[in-house]
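The values are calculated or read from the model by the stated rules, or taken from the named source; none is laboratory data. Because the structure is predicted, anything quoted here is derived from the model rather than measured. Every residue, glycine as well, gets a Cβ built from its backbone with ideal geometry; the counts of neighbours run over all protein chains shown.
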Amino acid sequence: MHVAYRNAVIPVVFAVLPNKNQQTYQRLINELAELCPLWNPKSIMMDFERTAINAFGGSFTTTTNPSTMLGCFFHLQNNIQRKVQELGLKTNCEQDPVFAHNVSKIAALAFLQPADVSQGFADLHNSSPPMLHPLLDYFEDTYIGRQRSQGRCKPMFSVEFWNMHQRTTDLSMCTNNSAETWHRRLNSIIQCQHPTRWAFIESLQNEEHFIHCQLIKLNSGQKVESIFKL
């Protein structure tokens, strides 16, 4: 788990979880609440993992000062690209620049104002070739909600969760790429996929010491390692 602090993104919690069940995430949240009872983040950014969203959203959006749940734009793009491959459209994207441009417009809907997303999607659907419609149907069902006679159905991920308009206006974070960069750093430090328990613990202890040194630098106004910069 990482936090934004003084124009940097710092790892603050190491958690080794047995699975990605909602109950597991809830247990983690409960442990954190005991360790840091005053912790009430202004916003929480994550990828599009429904169980994690349910756990953190259920714990932090009902407080006196509720947290805002935010989706990562990088993962939104990845989800679309995975669906492109699943639908057998990867070759079309690679060989047809116009088709690839139309695909890129789907993720670009995130930068419209939330109230304009539905109309923007309708305009995109009407101007797109039939080959793109299965991908657009997936996006509508998952991120906007299928249009019905009495309005749109509830999507798996709300428009507010993945919309980037206000974040872009506020110059706020749109991705958690800094966390992904740190994950690659940790993997390079451990140097194997299945370390022994003690080797893994020692690696985390060394990393905690390194992070603590970066915090000292931040608090004294010095520059930190590039992997921690916003």
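Select from segment 139-154 the residues that are part of a helix (DSSP H, G or I) and either among the charged types (D, E, K, R) or in contact with a helix residue (DSSP H, G or I) (Cβ under 7 Å, 6 or more places away or on another chain) (or both) and list them in ascending order. Spell out how you get there, then give the answer.
First, the residues of segment 139-154 that are part of a helix (DSSP H, G or I): 139-144.
The answer is Phe139, Glu140, Asp141, Tyr143, Ile144.
Yes or no, residue by residue, for (1) free of Cβ contacts under 8 Å to residues at least 24 places away in the same chain; (2) assigned to a helix (DSSP H, G or I); (3) of a type outside the set (Gly, Ala, Ser):
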site: Asp123; (1), (2), (3): yes, yes, yes
site: Pro134; (1), (2), (3): no, yes, yes
site: Asp137; (1), (2), (3): yes, yes, yes
site: Met156; (1), (2), (3): no, no, yes
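Counting only residues that are within 17 Å of Asn78 (Cα to Cα) and either not in a helix (DSSP H, G or I) or not assigned by TED's automatic domain parsing to the domain that holds Pro114 (or both), how many does segment 158-170 have?
Matching residues across segment 158-170 total 2.
Within segment 217-230, which residues are modelled with pLDDT of 70 or more and either within 14 Å of Pro11 (Cα to Cα) or in contact with a Ser or Thr (Cβ under 8 Å, 6 or more places away or on another chain) (or both)?
Leu218, Val224, Glu225
When you go through (1) over 22 Å from Ile80 (Cα atoms); (2) assigned by TED's automatic domain parsing to the domain that holds Val13; (3) not aromatic (Phe, Trp, Tyr) one by one for Arg148, which number turns out not to apply?
(2)
Inside segment 11-57, can you point out the residues that are closer than 21 Å to Ile211 by Cα and in contact with a His (Cβ under 6 Å, 6 or more places away or on another chain)?
Pro11 - this is the single residue of segment 11-57 that is closer than 21 Å to Ile211 by Cα and in contact with a His (Cβ under 6 Å, 6 or more places away or on another chain).
For segment 171-180, state whether one or more residues are surrounded by fewer than 11 Cβ atoms within 10 Å (Cβ to Cβ) and part of a helix (DSSP H, G or I).
no
All but one of (1) more than 18 Å from the chain's Cα centre (by Cα); (2) modelled with pLDDT of 90 or more hold for Pro66, so report the exception by its number.
If we test Pro66 against (1) more than 18 Å from the chain's Cα centre (by Cα); (2) modelled with pLDDT of 90 or more, just (2) comes out false.
Of all the residues that make up segment 158-170, how many are surrounded by 14 or more Cβ atoms within 10 Å (Cβ to Cβ) and in contact (Cβ under 8 Å) with a residue 12 or more places away in the chain?
7
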